[in-house]
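Enquirer: Right, I'll just put the structure down here and ask away after.
No value in this document is a laboratory result; all are computed from the given coordinates. Since the model is a prediction, treat every value here as computed from it, not as a measurement. Here the Cβ positions follow ideal geometry from the backbone for every residue, glycine too, while neighbour counts run over all protein chains shown.
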Amino acid sequence: MTNAFVHTCVRVLDIDASLEFYRRLGFEERGRLNFDSAYNVYLGLHGGGDVLELTVNVGRTDPYDLGDGYNHVALTVPDLPALLEQLAAAGIEPEKPAFRPGGRDDLPLIAFVQDPDGYRIELIEGDGFATPQDGPHPSA
């Protein structure tokens, strides 16, 4: 048996707003799991596994403290400008206009958006993402 990445879990306050947001990014609801004081909603992308778990703690009204350790999850999208246009029509704006990291032409166009709870999502244009192969950072 081989190790496999299964999913990422984030805690959300308003499941309807979260589902609407993630559906706009192409996610599909795949299943649910109920507990006494919480429930999970599992999401996946077409043709892939269930990679995102949204956890709702029943009765919670205070926003979650995201801390300074979490940064983002990343998704590839076939046409970033078109998706950003669709998101803007729904009132979802990127943190800043789409850009190429470091202004490098060898890297894909990206943009960051936030879900209803403030979790950052990196949108990367293209069918796949090749991990950059820079050498060690000068400070290392």
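Enquirer: Of the residues 89, 74, which is of a type in the set (A, V, I, L, M) and over 14 Å from the mean Cα position of the chain (by Cα)? Walk me through it before giving the result.
Expert: Details: 74 fails: over 14 Å from the mean Cα position of the chain (by Cα).
Answer to the check: 89.
Enquirer: Now a separate question. Go through the range 25-45 and count every residue that is in a strand (DSSP E or B) and free of Cβ contacts under 8 Å to residues at least 12 places away in the same chain.
Expert: Looking only at the range 25-45, we keep the residues that are in a strand (DSSP E or B), and these are 27-34, 38-45.
In the following step, the residues that additionally are free of Cβ contacts under 8 Å to residues at least 12 places away in the same chain were identified as 32-34.
Summing the residues that are in a strand (DSSP E or B) and free of Cβ contacts under 8 Å to residues at least 12 places away in the same chain in the range 25-45 gives 3.
Listed here are the residues, each with its yes/no results for (1) touching a Pro at 6+ places or on another chain (Cβ under 6 Å); (2) of a type in the set (Ser, Thr, Tyr); (3) more than 19 Å from residue 112 (Cβ to Cβ); (4) surrounded by 14 or more Cβ atoms within 10 Å (Cβ to Cβ).
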| position | (1), (2), (3), (4) |
| --- | --- |
| 47 | no, no, yes, no |
| 52 | no, no, no, yes |
| 58 | no, no, yes, no |
| 62 | no, no, yes, no |
| 69 | no, no, no, no |
| 74 | no, no, no, no |
| 77 | no, no, no, yes |
| 80 | no, no, no, yes |
| 87 | no, no, no, yes |
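Enquirer: Return the pairs, sorted by first residue and then second, in which the second residue is assigned to a strand (DSSP E or B) and of a type outside the set (Lys, Arg), the first residue lies in the range 93-116 and is free of Cβ contacts under 8 Å to residues at least 40 places away in the same chain and loosely packed, with under 13 Cβ neighbours inside 10 Å, the beta carbons are less than 6 Å apart, and the residues are 6+ apart or on different chains.
Expert: So the pair list comes out as 95/112.
Enquirer: Taking the condition outside any loop (DSSP other than H, G, I, E, B) and of a type in the set (Gly, Ala, Ser), does residue 48 pass?
Expert: Against the criterion (outside any loop (DSSP other than H, G, I, E, B) and of a type in the set (Gly, Ala, Ser)), residue 48 does not qualify.
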